[in-house]
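Encoded as structure tokens, the structure appears first; notes follow it.
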Amino acid sequence: MVQIENVSFGYSSKPQLFKNLNVSLPLGNIYGLLGKNGAGKSSLLKLIAGLLFPKEGSLHVGGLTPRDRRPEFLSEIYLVTEEFEVPAIGMKRFVDLYSPFYPRFNHELLREYLNEFSLPTDEKLTSLSYGQKKKFLLSFGLATDCQLLILDEPTNGLDIPSKSQFRKVVASAIHEERSFIISTHQARDMENLIDPIIILDEGQIVFFEDFQQISKRLTINKVKELPEHDRVVYAESTFSGYTVVEENTSGVESNMNLETLFNAVVNNKEKVQEIFKNQTVDK
């Protein structure tokens, strides 16, 4: 669905944000895009959506070039940014105006999502709270049934019950003919939802693995004292000892905390990449 080949991009303040970036994102997945502040997550999403243009390389979505903004491209992509503006109209008017651009728009599903989020449907969008506006845009995006739904920090502004509802409706909306890309700092909000995991660091994708492979290759344990063997990838102190990420040599799948995984990758990416490369060769 998304094919990025040797893409370079930058701003005047940061001329080389990406250099020779490569990634392929097939349909049928909920991709989680993680990275530190300034890593380029939002810029990458805007490149995919055709709101920014590569300086070098090629970028295609569904075989089309995003920068051309062709109708057949726009009807298969929907982007919810972290910061947004909504028109001073009601929900019904918004749906009447914009749903015709999406040939598979499902009005019944939209009603279900609005009901799930307990959104008032008789008010102007501008009178809603930030969280309510976001839930409406999320609901609309899911109801389009477009092939690529891009969500930038979707749980910001949502309370705890709404985050649970968000995970529920997103999981119910994915199928083999569409993909979601979710960029987030809220790793805990995305547990058991995003898979595969993509980690962006210093202008490169330094990690791209699904949870099944992660659980086979890494293990996380709480220990009182740091192990002395060389299988340790990352360790952080806790009240009662340490949380340690190690190479998994048992052959038994383990549970992995997403936030700890992210810290392990960005703090010791060479070691993580070596573990996954070696096991790929072993297969």
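The values are calculated or read from the model by the stated rules, or taken from the named source; none is laboratory data. A quick note: this is a predicted structure, and the numbers were derived from the prediction, not measured. Note that each Cβ is placed from the backbone with ideal geometry, even for glycine, and that neighbours are counted across all protein chains shown.
From the list THR155, THR121, the one residue that fits, being among the β-branched types (Val, Ile, Thr), more than 17 Å from PHE84 (Cβ to Cβ) and outside any helix (DSSP H, G or I), is THR121.
The set of residues from the range 181-192 being buried (at least 21 other Cβ atoms within 10 Å of the Cβ) and outside any helix (DSSP H, G or I) comprises ILE181, ILE182, SER183, THR184. Residues in the range 179-231 that are under 22 Å from LYS41 (Cα atoms) and out of contact with any strand residue (DSSP E or B) (no Cβ under 9 Å at 6 or more places or on another chain): GLN186, ARG188, ASP189, GLU191, ASN192, GLU202.
Taking the range 19-45, which residues are among the hydrophobic types (A, V, I, L, M, F, W, C) and either loosely packed, with under 15 Cβ neighbours inside 10 Å or in a loop (DSSP other than H, G, I, E, B) (or both)? Before the answer, list the steps.
Taking the range 19-45 first, the residues among the hydrophobic types (A, V, I, L, M, F, W, C) are 21, 23, 25, 27, 30, 33-34, 39, 44-45.
LEU27, ALA39, listed by residue number.
Note on the range 260-279: among residues that are within 19 Å of the chain's Cα centre (by Cα) and polar (S, T, N, Q), the one that is nearest to VAL245 (Cα to Cα) is THR260. With respect to the conditions (1) over 29 Å from LYS269 (Cα atoms); (2) modelled with pLDDT of 95 or more, LEU21 falls short on a single one, namely (1).
Yes/no per residue for (1) closer than 18 Å to LEU33 by Cα; (2) modelled with pLDDT under 95; (3) among the polar types (S, T, N, Q):
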residue	(1), (2), (3)
PHE239	no, yes, no
THR249	no, yes, yes
VAL252	no, yes, no
ASN255	no, yes, yes
LEU258	yes, yes, no
VAL265	yes, no, no
ASN278	no, yes, yes
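Taking THR144 as the residue in question, decide whether it is of a type in the set (Val, Ile, Thr), in contact with a strand residue (DSSP E or B) (Cβ under 8 Å, 6 or more places away or on another chain) and farther than 15 Å from TYR31 by Cα.
yes
Given the structure, is SER164 modelled with pLDDT under 95 and either over 30 Å from LEU47 (Cβ atoms) or out of contact with any Pro (no Cβ under 8 Å at 6 or more places or on another chain) (or both)?
Details: modelled with pLDDT under 95: yes; either over 30 Å from LEU47 (Cβ atoms) or out of contact with any Pro (no Cβ under 8 Å at 6 or more places or on another chain) (or both): yes.
Judged against the criteria, SER164 is a match.
Residues that are touching a helix residue (DSSP H, G or I) at 6+ places or on another chain (Cβ under 8 Å) and basic (Lys, Arg) were ranked within the range 193-248; the one that is surrounded by the most Cβ atoms within 10 Å (Cβ to Cβ) is ARG217.
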